[in-house]
Amino acid sequence: MYLPKHFEENSRDDVFGLIRAYPFATFITHDGNELVVNHVPMLLDAAAGEFGILRCHVARANPLWKMLVGGIPAAAIFQGPHAYISPSWYVSKRETGKAVPTWNYAVVHAHGTPRVVDDAGWLLAHVTEMSALQEATQRQPWKVSDSPPDFIASMVKAIVGIEMPIARLEAKWKLSQNRIPADQEAIIAELGSRADDASKTMAAWVKHANQG
């Protein structure tokens, strides 16, 4: 990933925060001939290993897990908030005319060598944790134990676990750090005034990145 120094994010808390807030990852590996891309929700265990461990599962019918048995490298991409930035918002544009459109975004790339976990106990604990995390915001949270044990057992048999110790993290926060403070303020104000949640979220991220 092209990563200019002023867009590099090194706060582990912030990087892990993005992974937890946007856990649906683009998971990329190679089968020896071409890139293989899957999309899976992942759980982060930040306390395990030097950089943490990512855990997920795929359908047993998905050929991905058989590729991973050989110990090939992979990357999980976590896409955070993003938004189009118009040059018409810049104070400096009105003064000099020297401005072009851009796109603000925050993204994390986690690299590692995945391993396959084909263990019913591990899988049951994994899906229980993942379900509890996602159901926590529901009015009536669903629990794995709400379903008949034999049904859950059959579902667990239909999946395979993947665990990837993170060997390297790359994080890019492209949030107008290269603009003058007046332009940053204008971006925050414009995005914050919009009705959609994505714009308001980006406004908050730009403010945090540049004003703390």
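What the table shows:
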read-out: Matching residues, region 80-92, being part of a helix (DSSP H, G or I), in contact (Cβ under 8 Å) with a residue 12 or more places away in the chain and not β-branched (Val, Ile, Thr); value: 87, 89, 92
read-out: In region 160-193, residue nearest to residue 54 (Cα to Cα) [restricted to those that are in a loop (DSSP other than H, G, I, E, B) and modelled with pLDDT of 95 or more]; value: 175
read-out: Residue under evaluation residue 6, criteria (1) part of a helix (DSSP H, G or I); (2) in contact (Cβ under 8 Å) with a residue 12 or more places away in the chain; (3) within 18 Å of the chain's Cα centre (by Cα), criterion not met; value: (3)
read-out: Pairs, first of a type in the set (Lys, Arg) in region 181-197, second surrounded by 13 or more Cβ atoms within 10 Å (Cβ to Cβ), C-beta under 8 Å, six or more apart; value: 194/200
read-out: Cβ-Cβ under 9 Å pairs, at least 6 apart or on other chains, region 50-68 side on the phi > 0 side of the Ramachandran plot and at pLDDT 95 or above, far side of a type in the set (Asp, Glu) and surrounded by fewer than 18 Cβ atoms within 10 Å (Cβ to Cβ); value: 52/45
read-out: Considering residues of region 9-24 that are closer than 23 Å to residue 198 by Cα and touching a residue at least 60 places away in the same chain (Cβ under 8 Å) only, the residue nearest to the chain's Cα centre (by Cα); value: 19
read-out: Number of positions in region 166-184 that are crowded, with 17+ Cβ neighbours inside 10 Å and on the phi < 0 side of the Ramachandran plot; value: 10
read-out: Number of positions in region 58-79 that are in contact with a helix residue (DSSP H, G or I) (Cβ under 6 Å, 6 or more places away or on another chain) and either crowded, with 20+ Cβ neighbours inside 10 Å or in a helix (DSSP H, G or I) (or both); value: 1
read-out: Residue in region 43-63 that is nearest to residue 13 (Cα to Cα), counting only those that are of a type in the set (A, V, I, L, M) and touching a Phe, Trp or Tyr at 6+ places or on another chain (Cβ under 8 Å); value: 46
read-out: Qualifying residues in region 124-143 (those that are within 14 Å of residue 41 (Cα to Cα) and of a type in the set (S, T, N, Q)) - the one surrounded by the most Cβ atoms within 10 Å (Cβ to Cβ); value: 131
read-out: Criterion (of a type in the set (D, E, K, R) and touching an Asp or Glu at 6+ places or on another chain (Cβ under 9 Å)) met by exactly one of 93, 66; value: 93
read-out: Residues satisfying the stated conditions in region 95-115, i.e. closer than 25 Å to residue 15 by Cα and not in a loop (DSSP other than H, G, I, E, B); value: 102, 103, 104, 105, 106, 107, 108, 109, 110, 111, 112, 115
read-out: Counted residues, region 9-53 - those being touching a Leu at 6+ places or on another chain (Cβ under 6 Å), within 20 Å of residue 160 (Cβ to Cβ) and not in a strand (DSSP E or B); value: 1
read-out: Selection status of residue 52, over 24 Å from residue 119 (Cβ atoms), surrounded by 13 or more Cβ atoms within 10 Å (Cβ to Cβ) and among the small types (Gly, Ala, Ser); value: no
read-out: Pairs where the first residue, in region 110-134, is within 13 Å of residue 157 (Cα to Cα) and the second is of a type in the set (Phe, Trp, Tyr) and surrounded by 13 or more Cβ atoms within 10 Å (Cβ to Cβ), C-beta under 9 Å, 6+ apart; value: 118/65
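The values are calculated or read from the model by the stated rules, or taken from the named source; none is laboratory data. Please read all numbers here as calculations on a predicted model, not as lab measurements. Positions of Cβ are backbone-derived with ideal geometry, glycine not excepted, and every protein chain shown enters the neighbour counts.
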